[in-house]
1. Going 7 Å from the Cα of Arg109 toward and past its Cβ, which residues in the stretch 67-100 have a backbone nitrogen under 18 Å from where you end up?
2. For Cα pairs less than 8 Å apart in space and 6+ apart in sequence, what is the mean separation divided by the residue count of the stretch 28-124, i.e. the relative contact order in percent?
3. According to a simple spin-label model (label point 7 Å from Cα along Cα-to-Cβ), what is the distance in nm between Val131 and His30?
4. Karplus couplings for the stretch 8-18 from phi (6.51 cos²θ - 1.76 cosθ + 1.60, θ = phi - 60°), rounded to Hz, Gly and Pro as x?
5. Can you work out the accessible area per residue across the chain, with the rest of the protein chains kept in place, probe 1.4 Å, in square angstrom?
6. Which of Gly94, Gly141, Gly84 ends up with the largest GNM mean-square fluctuation for the chain, with Cα atoms connected below 10 Å?
7. Could you size up the charge dipole of the stretch 13-84 around its Cα centre, putting +1 on the beta carbon of Lys and Arg and -1 on that of Asp and Glu, and report it in debye to the nearest 20?
8. For the chain, with a Gaussian network of springs between Cα atoms less than 10 Å apart, report the residue from Leu67, Leu37, Leu157 with the top mean-square fluctuation.
Amino acid sequence: AFELGRVSHVPLPARAAEFGDWYRQMAEDHKGDTDILFDFLAREASLEQIALFIALEEEVDSRFEDLISMAQLGVRDKPKLVIGENYWDEMGSGTFEKIHAVMFDKSVRYMKQVLADRDLDLAALIPIEAVKNANMLMMYGIRRQFNPRLIGALGILELTAPDRFQSM
C-alpha cells in the first residue's frame with residue numbers, strides 16, 4: 001500500500017486491452033530520463049564510474065535468467081512464448097560461454113578488481129536503493145500475486161537493456 005501510494009498520481013489503464021498502448025507510452029515518456037544516464041556512461045564516465053555502475057547492475061541483473069524463469073509460471077499463449085524466447089536468449093541459446101550471466105560475471109569480476117586496485121570500497125559505495133531494487137524484483141518473482149509487476153519490471157529492464165549495454 002505504501003509503494004502504491006507513492007505512484008497514485010500515475011494514470012493507469014482501466015482495461016487490459018489498454019495496457020499495451022499505456023506501457024509503450026510510459027516507456028517513451030521516460031526515455032529521456034534514461035538517456036541522460038546512458039549518455040553520461042557513454043561520453044563522460046570514468047572507468048571507476050563504469051565499474052561502479054556494473055557492480056550496481058550485478059545487484060539486479062546477475063541472476064536475470066532466474067527472474068525470467070519465474071515470470072513464465074502461470075502465463076499462457078503468446079506472452080509465454082515471448083518470455084521463453086527471452087529465457088533462451090539469456091541462456092546463450094544453449095552455449096555455456098554465451099549465457100548472459102556467465103558473460104556478465106566476467107565483467108563484474110574485472111570491474112570489481114578495477115575498484116579494488118584504486119582502493120575503493122565497493123560495499124561502502126553501493127546505495128541501499130540498489131539492494132532494495134534487487135530484493136523487490138526477487139520478491140516479485142517469488143510471491144505469485146506480484147507476477148504482473150514482475151513481468152512489467154522485466155519489460156522495463158528489457159526495453160532499456162540495448163541502450164544501457166551499448167552505453168557501457
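The values are calculated or read from the model by the stated rules, or taken from the named source; none is laboratory data. Keep in mind it's a predicted model, so treat the numbers as computed, not measured. Glycine also receives a Cβ, built like all others from the backbone with ideal geometry; neighbour counts cover every protein chain displayed. What goes into the accessible areas is simple: the full protein's heavy atoms, side chains included, and nothing from ligands, DNA or RNA. Shrake-Rupley method; radii C 1.70, N 1.55, O 1.52, S 1.80 Å.
1. Label zone hits: 96-100.
2. Details: 59 pairs, mean separation 31.4, N = 97.
It rounds to 32 percent for the stretch 28-124.
3. That separation, rounded to one decimal, is 2.4 nm.
4. 5, 7, 7, x, 9, x, 7, 10, 4, 5, 8
5. Numbers: 11190 Å² over 168 residues.
Here the per-residue accessible area is 67 Å².
6. Its mean-square fluctuation being the largest, the pick is Gly94.
7. Here the stretch 13-84 has a charge dipole of around 540 debye.
8. Looking only at Leu67, Leu37, Leu157, the largest GNM fluctuation is found for Leu37.
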